[in-house]
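The block underneath contains the structure these notes are about, expressed in structure tokens.
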Amino acid sequence: MSRSKILVVDDDRFSRTFCRQILEEDDDLHVVEAEDVDGAMEIIRRGGVDLVISDLVMPEKTGLDLVDQLRLEAPGLKTILITGYGTIESAVKAMKMGALDYIRKPLNPVEFKIIVKRALEQAKLAEENKELRNSLKLYDVSSRISRTIEIEELYQVIFDLMIQETGATRGFLYVVNQEHGDSNIILSEGFDADDNEELDRKLFEEFGEQLSNINTPLVTQKPSAVTVRYRSSTDNIQSLLFIPLRNKNDLVGMVVFFDTEKRDAFGDRELRVASFLCEHASAALENAMLYSQAKILTITDDLTNVFNYRYLNNILDRELVRAQRLNSSMSVLFLDLDSFKRVNDHHGHLLGSKILVELAGLLKSAVRKVDAVARYGGDEYIIVLTDTNSKGAMIVAERIRQMVEEHNFLEKEGYNIKLTVSIGVASYPEHGVSKVELLHLADEAMYRGKYGRKNIVYVATPGEHSLNGPAGPARDSEVPRG
């Protein structure tokens, strides 16, 4: 059976001893003593005190001062005041400030024990009600996590709610690249992650043994050797709370909270809250990733894993609206492999498909993340270039043309297949203002190259359905290639 810890505060040693003797007649009560308010607060800050019994009148700081200080530092801790020389008005004032009860001297042992027992029961009931409220709040928080299905939004919700519920002031969330095994900080709070490069890697290297198979939140028992830059200072981390984010058996990320001042910043309460949220976050991540995979399947080409034609229409609609709203530009590149039928006839359709996959990878590597690569059909691809006019689009197109010309396809499989590509360029608003118009003009420009010189870039003529070209670098574009 756990014993209740009672702190008796009185400058008179005899009074403290008398209280102790009365209370410790019961085996379930344990008494500690302090002779002044400052000593009492030191004991309270160490934790574990269930009830405070204090004399009202003491030298320097009084029982009223203690009640007032507890209201700020330990608002849930109940206090009983003992008044002898003080007035009833002082005791009533103390109760208005938060004291639970008061007792008049001289103490009646039976009455004293009854009041103390009642106070402990009230404190226990208040704590249970607090736990119930916290549990209900956590369930509400967990439902917010469960309702979030978009993976990027889910990471933000998980991070924000974990900060809120644990009371952490500094930390970050990193995600793990499942293919390469490296990590990347995507969210941070209370410090600048850009000023603390590879903080996640440094912490993992230091605590790697503990984190290698982490399934539940972990509070470290020792300070870290890793330092954090914050404004003008660089400090060692004193406390750490690691919260794993898992999708079934895979570690997909981690929330890390830290404190550079206190060694015991994260205790049982924070660990309990983190464990609850960690469990619900893992379930939500599993659902979100299934949804993300299903969503990807509906918008990507089965063979090449670039966007499919159906989603290309959405991209074009979105970028046209964006360009119109910002009075900006956007461009479309229409690409087709030259003489690809000969590759299929000579090497077979299986190798032909592998070439299409390799080409898709080349195209994605040649453009920015904000740009989009889509398979139009067969060996035709379309690239949508955001915030790019015809001059910029021609530079990108020529770079792609040269990249394809110089590339050895299926080299890892023992082949050395050389191919070229013809590219048509059309830009908004220079050549057209609608999706249909831009696709048609880029398509016509590409076909002019494909059925002419090949291995060349052509650009559409502004405002017309005729074309001018070639449009590579002036000197080279006059020379047929391939």
| task | Using the structure shown, list the pairs from 295/454; 93/262; 5/248; 93/113; 262/369 with a Cα-Cα distance above 32 Å, or answer none. | result | 295/454; 93/262; 5/248; 262/369
| What is the magnitude of the charge dipole of the chain about its Cα centre, with +1 placed on the Cβ of each Lys and Arg, -1 on the Cβ of each Asp and Glu, and no other charges, expressed in debye to the nearest 20? | 1180 debye
| Helix-derived [θ] at 222 nm for the chain: sum -39500 (n - 2.57) over DSSP H runs of at least 4, divide by residue count, nearest 500? | -15000 deg cm²/dmol
| message | Classify the stretch 4-126 from the C-alpha gyration tensor, please: rounded if a/c falls under 1.5, else prolate or oblate depending on whether a/b exceeds b/c. | response | rounded
| query | Which one of 63, 224, 31 has its Cα pushed farthest toward the positive end of the charge dipole of the chain, where Lys and Arg give +1 and Asp and Glu give -1 at the Cβ? | reply | 224
| note | The farthest towards the positive end of the charge dipole of the chain, of the residues 72, 386, 167, given +1 on Cβ of Lys and Arg and -1 on Cβ of Asp and Glu, is 386
| Ranked highest first by average number of other Cβ atoms within 10 Å, how do 448-461, 279-292, 199-212 line up? | 448-461, 279-292, 199-212
| said: Using a Förster radius of 51 Å, what is the FRET efficiency between residue 149 and residue 234 based on their Cβ-Cβ separation? Nearest 0.05, please. | reply: 0.80
| query | For 338, 28, what's the fewest-to-most ordering of other Cβ within 10 Å of each Cβ? | reply | 28, 338
| task | Taking the dipole about the Cα centre of the chain, with the C-beta of Lys and Arg at +1 and of Asp and Glu at -1, give me whichever of 331, 253, 17 is farthest to the positive side. | result | 331
| 13 Å Cα-Cα reach of residue 450 towards aspartates and glutamates, excluding residues that sit fewer than 8 places from it in its own chain | 336, 338, 379, 380
| Nearest 10 degrees, 0 to 90: helix 63-73 Cα axis against the chain principal axis | 10 degrees
| note | Per residue, the convex hull enclosing the alpha carbons of the stretch 309-478 has a volume in Å³ of 105 Å³
| query | By the scheme Lys and Arg +1, Asp and Glu -1, what is the net charge of all other residues having a beta-carbon under 11 Å from that of residue 41? | reply | -2
| task | May I have the extent of the alpha carbons of the chain along their three principal axes, as whole Å values ordered from largest to smallest? | result | 112, 48, 40
| request: Within the set of other residues whose C-beta is less than 12 Å from the C-beta of residue 370, count the net charge using Lys and Arg as +1 and Asp and Glu as -1. | output: +1
| request: Please list the radius of gyration and Dmax for the stretch 148-295, considering alpha-carbon atoms only, with Å as the unit. | output: 14.7, 47
| said: So if I take the alpha carbon set of the stretch 424-465, get Rg, then get Rh from the Kirkwood formula, what is the Rg over Rh ratio? | reply: 0.98
| query | log₁₀ I(q)/I(0) of the stretch 284-377 at q = 0.14, 0.20, 0.22 Å⁻¹, via Debye over equal Cα point scatterers, no solvent, to two decimals? | reply | -0.67, -1.07, -1.17
| task | Compute the signed sum of charges (Lys and Arg +1, Asp and Glu -1) over the other residues within less than 15 Å, Cβ to Cβ, of residue 18. | result | -3
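Read-outs throughout are calculated quantities, based only on the coordinates presented, and are distinct from any laboratory measurement. For clarity, every value in this text was computed on a predicted model and none was experimentally measured. Here the Cβ is made from the backbone with ideal geometry for all residues, glycine too, and neighbour counts use every protein chain on show.
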